[in-house]
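These notes are about the structure you will find just below.
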Amino acid sequence: MNAYAAATYRETLERTLPPADLLIRLYEGSVRLVDMMKEAMVNGDIPRRSDAVNRLTGILSELASAVDGQEPRELSDSLVSLYLFLIQEVTLANVAGEVERLGPVREILVDLLGTWKTAASSSRGGSLPSSPANAFPEGEIPRRNLSVRG
């Protein structure tokens with residue numbers, strides 16, 4: 001697929017995906033980035049590690065800003081605090097070279113991913129539609145307003 005076609009495909013997906021599906025993709029990407037960061041840390045691959053850190057903290061920052069101030073306030077405040085904690089842990093893991101700090105980050109992201117998949121499935125009354133693999137290539141962070149309500 002040429003670059004123009006790929007860009008058009010991503011743009012179309014971004015505009016047509018329901019917010020819950022977009023959120024699920026962001027969580028899936030975050031989990032992949034944690035894995036990529038771990039692998040890069042173990043292998044001493046500084047450019048790949050740096051790329052993973054930047055993209056992962058970018059996604060987490062976007063998620064935090066998307067829910068900040070939304071209703072119900074307690075939920076949005078808790079999510080923002082959680083995202084900020086995850087950013088802190090990723091940053092500390094990177095600076096200190098502590099791969100073990102990434103384990104809990106990954107667990108939390110996997111739990112959140114599972115929760116959103118369940119919520120999306122329940123709201124549709126069935127299972128999630130299968131999504132095309134690699135719909136958002138590495139480095140691409142879709143921009144769309146998200147809500148804690150899905």
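The values are calculated or read from the model by the stated rules, or taken from the named source; none is laboratory data. Keep in mind that this is a model prediction, so the values were computed, not measured. Backbone-built Cβ (ideal geometry, glycine too); neighbour counts: all protein chains shown.
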Expected single match for of a type in the set (A, V, I, L, M, F, W, C) and within 13 Å of the chain's Cα centre (by Cα) among VAL110, VAL99, VAL80 is VAL110
If we ask which residues in the stretch 52-70 are surrounded by fewer than 16 Cβ atoms within 10 Å (Cβ to Cβ) and in contact (Cβ under 8 Å) with a residue 12 or more places away in the chain, their number turns out to be 3
Within the stretch 100-139, of all residues that are exposed (fewer than 15 other Cβ atoms within 10 Å of the Cβ) and under 21 Å from ALA40 (Cα atoms), the one modelled with the lowest pLDDT is ASN134
Wholly inside the stretch 1-93, helices (runs of 4 or more DSSP H) that include 3 or more residues that are at pLDDT 95 or above and among the β-branched types (Val, Ile, Thr) are 19-43, 46-67
